[in-house]
Amino acid sequence: MAKIGEELLYMEIKGKSLVRQAEALIPTPWGNFRMAAYAESPEDWMPHLALISENCNLNEPVLTRLHSECLTGDLFGSKRCDCGEQLAYALYKVAQEGGMLLYLRQEGRGIGLINKLKAYNLQDMGFNTIDANIHLGFEADARDYGIAIEMLEDLGVSEIKLLTNNPDKIEAFEHTSVKVINRIPIIIEPNPDNREYLRVKQEFMGHLLG
């Protein structure tokens, strides 16, 4: 990995919007990771994060997970979705196999936490997860995976094994410098609170859950 000062200069020359602002070693229950924080400004309190396992080999296809922030699931263990379980599984896999997880600050598929809670209220009234977002004036999925591509390019990654069920993530890498050579599913057993949510993702958003 290049030194921070060199990276700042390189990113400025290349005209990138995201800059690797800082990095440090983070020991976790799954293993040791190098965490790098990406933001346009060092004052940004919510940078995107890359967690690179200590045994990651950038000269080979890298097992990679793009995980969009889900405060309710990731931190509080909400059963309304499978996000927290996906995060834990992905951290385990990338630590074991030598890979990285990109933690993208795109709460609620890009609509933010406040609007996600409003969407939950609509879902309790009978809306599905797609219709609730649209009713609030948003797209069904407003996430931007160009952020992840910038981060991977900065880290020197050219080929990845993508840990995902979402075909939109695979499509995001088409015509970019980062090639997806394989998709690896991440299947979580449904529970009574998220079964309908997962069904909608599979049937209407094309997620590959089988």
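The values are calculated or read from the model by the stated rules, or taken from the named source; none is laboratory data. As the structure is a computational prediction, the values presented were derived from the model and not from experiment. When we count neighbours, we look across all protein chains shown, and the Cβ atoms used for this are built from the backbone with ideal geometry, even at glycine. Accessible surface areas use protein heavy atoms only, side chains included; no ligands, DNA or RNA. Shrake-Rupley method; radii C 1.70, N 1.55, O 1.52, S 1.80 Å.
Distances between placed amide hydrogens fall under 5 Å for T28 paired with F33, all partners being 5 or more residues away or on another chain.
Rounded, prolate or oblate: pick one for the range 37-157, where a ≥ b ≥ c are the square roots of the eigenvalues of its C-alpha gyration tensor, a/c under 1.5 means rounded, and failing that, prolate if a/b is larger than b/c, else oblate.
On the way: a/c = 2.41, a/b = 1.75, b/c = 1.38.
Judged from the Cα gyration tensor, the range 37-157 comes out prolate (a/c at least 1.5, a/b above b/c).
Solvent-accessible area of the chain (1.4 angstrom probe, protein heavy atoms only): carbon and sulfur portion equals 53 percent.
In percent, rounded to a whole number, the relative contact order of the chain is 18, using alpha-carbon pairs under 8 Å and six or more apart.
From helices alone, the chain scores -10500 deg cm²/dmol at 222 nm; the rule is -39500 (n - 2.57) for each run of n ≥ 4 DSSP H residues, then divide by the residue total. Computed 3J(HN,Hα) for the range 68-81, one whole-Hz value per residue from the Karplus formula 6.51 cos²θ - 1.76 cosθ + 1.60 where θ = phi - 60°, is 7, 3, 9, 4, 5, x, 5, 9, 9, x, 4, 8, 6, 9, glycine and proline marked x. Counting only heavy atoms of the protein chains and using a 1.4 Å probe, Y92 has close to 110 Å² of accessible surface. Remark: the range 127-135, residue by residue, has Karplus-estimated 3J(HN,Hα) of 6, 8, 5, 6, 4, 5, 4, 5, 4 Hz, where x stands for each Gly or Pro and the curve is 6.51 cos²θ - 1.76 cosθ + 1.60 at θ = phi - 60°.
Remark: accessible surface ordering of R20, R109, R195 (largest first) is R195, R109, R20, probe radius 1.4 Å. Placing +1 on each Lys and Arg Cβ and -1 on each Asp and Glu Cβ, with no other charges, gives the chain a dipole about its Cα centre of roughly 340 debye.
Take every pair of alpha-carbon atoms less than 8 Å apart whose residues are at least six positions apart; their mean separation over the length of the range 101-187 yields a relative contact order of 23 percent. One quarter of the surface of the convex hull around the alpha-carbon atoms of the range 89-192 equals 7.8 nm², the direction-averaged projected area. Computed 3J(HN,Hα) for the range 35-42, one whole-Hz value per residue from the Karplus formula 6.51 cos²θ - 1.76 cosθ + 1.60 where θ = phi - 60°, is 9, 10, 9, 10, 7, 6, 9, x, glycine and proline marked x.
Using a probe radius of 1.4 Å on heavy atoms only, what accessible surface per residue do you get for the range 52-210? Whole Å² is fine.
Values: 7570 Å² over 159 residues.
Ligands and nucleic acids excluded, the figure is 48 Å² per residue.
Take the Cβ atoms of A22 and I181, set R0 to 30 Å, and the FRET efficiency comes out at 0.45. Taken along its principal axes, the alpha carbon cloud of the range 55-99 reaches lengths of 38, 16, 12 Å, longest axis first.
Evaluated at q = 0.09, 0.15, 0.17 Å⁻¹, the base-10 log of the normalised Debye intensity for the chain, with identical point scatterers placed on the Cα atoms, takes the values -0.35, -0.99, -1.25.
Taken as entire DSSP H runs, the helices of the chain that both span 18 Å or more between Cα atoms along their own long axis and average -1.0 or more on the Kyte-Doolittle scale are 83-97.
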